[in-house]
1. Want the number for residue 23 to residue 8: 0.36 nm per residue separation, take away the alpha-carbon distance, what's left?
2. Accessible area per residue for segment 8-102 in Å², computed with a 1.4 Å probe and the full protein assembly in place, what is it?
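The values are calculated or read from the model by the stated rules, or taken from the named source; none is laboratory data. Only a predicted model underlies this, so the values are computations on that prediction, with no experimental measurement involved. The accessibility values were calculated without ligands, DNA or RNA, using every heavy atom of the protein model including side chains. Shrake-Rupley method; radii C 1.70, N 1.55, O 1.52, S 1.80 Å.
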Amino acid sequence: MSLTIIASALASNTHITELNLSYNPQLVGRGLDSILSVLTTSPCPPIQTLNLSHMSLSNSEATTLLTELLSKNTTLTNLDLSGNSISDIEPWIELLLEKNNTLTAVNLSNSTVELDETLLAELNVCNFTFLRRLVAVSGLSGFEV
């Protein structure tokens, strides 16, 4: 099934709350853009959980995707980015802090992200209270606010 068809179905759907595109690296760059445009257009479907795990997203692809998604989507609460080639979250974590207040959980496990004490301290200083759970690697099982 083409992602254009899925995007079209999403655009007219007011009931779907979860979208799982995991383990589909062939979608990166091609069809993922059509899904993203639906999720960032008002009115958007009420997607609360988006699973983009194991899609082979790179830092730049994740930043591009998340910059658009986090600044415009108002329904997303859970985002799974686990198992991707993401190592740098700082470009979009600032956007998350400034523009998005609906996201409550981000899963970055099995990626190359390293959350050091400095970044964790910055997240706490910025009143990151709306993000209740950040799962990452580097020996940290998770970050609870």
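1. Value of the extension gain: 3.3 nm.
2. Per-residue value: 47 Å².
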